[in-house]
Amino acid sequence: MSDLLRPDSALDLAGSAADLLEVLRETPPLTHCITNAVVTGFTANVLLALGAAPAMVDIIDEAGLFAGVASGVLINLGTPTPEQRAAGAEAVAGATASGTPWVLDPVAIGALPVRTALAHELLAHRPTAIRGNASEILALAGLSAGGRGVDATDSTDAAFEAAVLLARRTSGVVAVSGPVDLVTDGDRVLRLANGHELLTRVTGGGCALGAVMAAFLGAATATDHDELTAVAAASLVYTIAAERAAAEAGGPGSFAVALLDALAAVGADDVRAAARIEAGVL
Ligand SMILES: Nc1ncnc2c1ncn2[C@@H]1O[C@H](COP(=O)(O)OP(=O)(O)O)[C@@H](O)[C@H]1O
Ligand SMILES: Cc1ncsc1CCOP(=O)(O)O
Ligand SMILES: [Mg+2]
């Protein structure tokens, strides 16, 4: 990254994220999720708490048509059964035909052959956004063999070039999660420093974030905000809520519950006040 943008561009982004949170709650975006068996309930609760409208439509002959009417779609490869794999392909076709934004979360790709091949097939259809941890983003770019199961073994900074490469290849947005989140559209780079380690101590911390990105992308379609802003807004709102939840929680169990309460309670002013952003151009 070079040429840090003037400091008020970070303030602009915090303001845009705050605006988008309000738009999302007014809309609310119908968020179509094809996601894994581990996190389905948690993901739906995260979306509901935030103010979005989740629907887990992951069967053949429904996923395509539903993606056409949804506001945003998530394709998460965590437990990709044969039916989900076919439903995912249908959903991508439906989303592409109708212009619905869609998010790819390539969970645990690298060493596992079925999901890795599927992720590369889906990549060719140019997701609006890709969300993964650093090892997943490196593996999707063909630069590593992935992490350890669903967990990253690489730092966010190590995935910087992979993220830029994927963003340029797809003309989309790539979000790399970790202690500091990195979001890029291939021209601009954002580093978002909010969050809490407890997000890694409950299952679905990353997967639910992908669904939140689909919801924010859906909300943003009726606004002037671009996809980079929508994806960053999702990350900011989610991680700021996590910080507030962690302040109340005694451990992972109470954190998971507190996160839902915090997602419902977090407001536009909280986002403006708490966002920690570094913005730059490539
Ligand atoms: N050490 C950390 N400190 C603060 N926030 C973190 C940390 N690690 C991950 N996060 C946050 O947790 C969420 C999930 O990220 P991550 O654990 O990288 O995803 P995944 O579950 O897909 O591996 C993101 O919002 C990220 O910002
Ligand atoms: C544990 C596990 N196994 C397959 S999918 C999954 C959930 C992963 O969730 P996250 O990527 O959000 O940690
Ligand atoms: Mg993940």
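For the stretch 166-282, relative contact order (Cα pairs under 8 Å, six or more residues apart, normalised by length) works out to 30 percent.
Can you list the equivalent-ellipsoid semi-axes of the stretch 2-281, largest first and in whole Å, using the square root of 5 times each Cα gyration tensor eigenvalue? Could the numbers behind the result be given before it?
Working: eigenvalues 120, 87, 74 Å².
Semi-axes from the Cα gyration tensor: 24, 21, 19 Å.
Once neighbouring chains are kept in place and the probe is 1.4 Å, which whole percent of the accessible area of the chain is contributed by carbon and sulfur?
Working: 5940 of 10970 Å².
In the chain, the share of accessible area belonging to carbon and sulfur is 54 percent.
With a simple spin-label model that places each label point 7 Å from the Cα along the Cα-to-Cβ direction, the separation between Asp226 and Glu62 comes to 3.7 nm. Surface analysis of the chain yields an accessible area of 39 Å² per residue, using protein heavy atoms and a 1.4 Å probe. FRET efficiency for the Glu83 to Arg148 pair, using the beta carbon distance and R₀ = 25 Å, is estimated at 0.35. Nearest 5 is fine: what % of DSSP beta bridges in the chain come out antiparallel, could you say? Bridges in the chain that DSSP calls antiparallel: roughly 45 percent.
Normalised by the number of residues in the chain, the average gap of Cα pairs under 8 Å and 6 or more apart makes the relative contact order 24 percent.
The values are calculated or read from the model by the stated rules, or taken from the named source; none is laboratory data. Since the model is a prediction, treat every value here as computed from it, not as a measurement. All Cβ positions, glycine included, derive from the backbone under ideal geometry; neighbour counts span all protein chains shown. Ligands, DNA and RNA are excluded from the accessible area calculation, which covers all protein heavy atoms including side chains. Shrake-Rupley method; radii C 1.70, N 1.55, O 1.52, S 1.80 Å.
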